[in-house]
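To start, the structure itself, in structure tokens.
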Amino acid sequence: MPDRYAVIGNPVSHSKSPSIHAAFARATGQSVVYAAVFAPLDGFAATVAAFRAAGGMGANVTVPFKLEAFDLATETTPRARAALAVNTLTFAADAVRGDNTDGVGLVRDIEINLGVEIAGKRVLVMGAGGAARGVLAPLLDRRPAALAIANRTADKAVELAGRFRERGPVEGCGYHALGTSRFDIVVNATSASLVGELPPLPPHLFCGGALAYDMMYGSEPTPFLRWAREHGAARCTDGLGMLVEQAAESFFVWRGVRPDTAPVIAMLRAG
Ligand code: ATR
């Protein structure tokens, strides 16, 4: 019998995680099956318990349950505690381990797949919600020259920056306060792309050679990536690589084997 894993979310039927993990299992020869499991909004813990009782060995957790997964875990990793969110659960005999692989997924996509070093760069993260919080510690650990967090609700960005100040040079502000600052790497961690919107960005945001990165992905470029292309970003990329990288890190947490991500990213790009 293969070992059972799943992604638990609401909605979850659109998830690419089952095909990503199936590709990892094939390529590494691991005996793994991976399903998409829908949880009712008020039934996350019960869904996890049922999956575990049915022999599940671990689960990825997606929208909107990453905070609940953090609370449900009986042990958490430092990177889950920095994010205050869990996207990877591992079921042990008497423990539920909570980890977070989102931030390392973003960093690996930027540094390894895109070949852009973060050290010494000026980085802007747009957004101050859960998605932003999950990537701040791994970004700061790569030693950028400066990391700005800009948010529609400026207070939330200031508050979030305050929580990470000991980790590196981070400041929070509203979009207007960005003024004429320029950045080498701009990451959209807002949910604006989901509804076809764009944060109110100042026009001269990008340094020469800058990377614009939207953590969302889809068949069409997001409004932010279209805007970035028109406003001088040298490279524009969506979050598909991050999705595959966070999946690979979860696979490594569960199986102790690190799958090769490039063929899987290529497979998904080819549709
Ligand atoms: P997630 O878990 O995806 O981060 P969230 O915690 O609800 O979701 O946070 C959504 C983020 O997207 C917030 O930073 C939000 O800004 P506010 O804090 O001001 O609400 C940001 N956001 C959503 N829609 C936006 C829009 N149209 N323009 C700019 N920012 C937007």
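The values are calculated or read from the model by the stated rules, or taken from the named source; none is laboratory data. Here the structure is a predicted model, which means the values were calculated and not measured. Ideal geometry is used to build each Cβ from the backbone, glycine not excepted, and the neighbour counts take in all protein chains shown.
Odds and ends about this structure:
- Residue in region 96-112 that is within 16 Å of the ligand (Cβ to nearest atom) and either at pLDDT below 95 or part of a loop (DSSP other than H, G, I, E, B) (or both) present: yes
- The residues in region 87-104 that are touching a residue at least 40 places away in the same chain (Cβ under 8 Å) and under 26 Å from Tyr175 (Cβ atoms) can be counted, and the count is 1.
- Qualifying residue in region 70-79 (condition: within 16 Å of the ligand (Cβ to nearest atom) and outside any helix (DSSP H, G or I)): no
- Selected residue [under 16 Å from the mean Cα position of the chain (by Cα) and under 18 Å from Ala228 (Cβ atoms)] from Val125, Val116: Val125
- Residues that are of a type in the set (Val, Ile, Thr) and either more than 15 Å from the ligand (Cβ to nearest atom) or assigned to a helix (DSSP H, G or I) (or both), drawn from region 121-170: Val123, Val135, Val158, Val170
- Flag set for Glu68, criterion: among the acidic types (Asp, Glu) and under 18 Å from the mean Cα position of the chain (by Cα).
- Scanning region 75-97 for residues that are touching a Ser or Thr at 6+ places or on another chain (Cβ under 7 Å) and not β-branched (Val, Ile, Thr), we see that the one that is surrounded by the fewest Cβ atoms within 10 Å (Cβ to Cβ) is Ala95.
- Failed item, numbered, when Val116 is tested on (1) within 14 Å of the ligand (Cβ to nearest atom); (2) surrounded by fewer than 24 Cβ atoms within 10 Å (Cβ to Cβ): (1)
- Which numbered condition Thr153 fails, given (1) of a type in the set (S, T, N, Q); (2) surrounded by fewer than 18 Cβ atoms within 10 Å (Cβ to Cβ); (3) without any contact (Cβ under 8 Å) to a residue 40 or more places away in the chain; (4) more than 22 Å from Pro199 (Cβ to Cβ): (4)
- Close pairs from region 192-204: first in contact (Cβ under 8 Å) with a residue 40 or more places away in the chain, partner near the ligand (Cβ under 9 Å from one of its atoms) and part of a helix (DSSP H, G or I), Cβ under 7 Å, at least 6 apart: Pro199/Ala192
- Checking Glu230 against (1) modelled with pLDDT of 95 or more; (2) under 25 Å from Ala23 (Cβ atoms), the condition it does not meet: (2)
- Conditions (1) within 29 Å of Gly162 (Cβ to Cβ); (2) assigned to a strand (DSSP E or B); (3) of a type in the set (Val, Ile, Thr): number failed by Val33: (1)
- Thr101 vs. criteria closer than 22 Å to Arg163 by Cβ, surrounded by fewer than 24 Cβ atoms within 10 Å (Cβ to Cβ) and of a type in the set (S, T, N, Q): no
- Criterion: crowded, with 21+ Cβ neighbours inside 10 Å, assigned to a strand (DSSP E or B) and touching a residue at least 24 places away in the same chain (Cβ under 8 Å) - qualifying residue of Ala212, Ala247, Ala233, Ala228: Ala212
- Residue check, Ile118 out of contact with any Phe, Trp or Tyr (no Cβ under 9 Å at 6 or more places or on another chain), in contact (Cβ under 8 Å) with a residue 24 or more places away in the chain and closer than 30 Å to Arg235 by Cα: yes
- In region 176-184, the condition of being surrounded by 21 or more Cβ atoms within 10 Å (Cβ to Cβ), under 21 Å from Met215 (Cβ atoms) and within 14 Å of the ligand (Cβ to nearest atom) is met by no residue.
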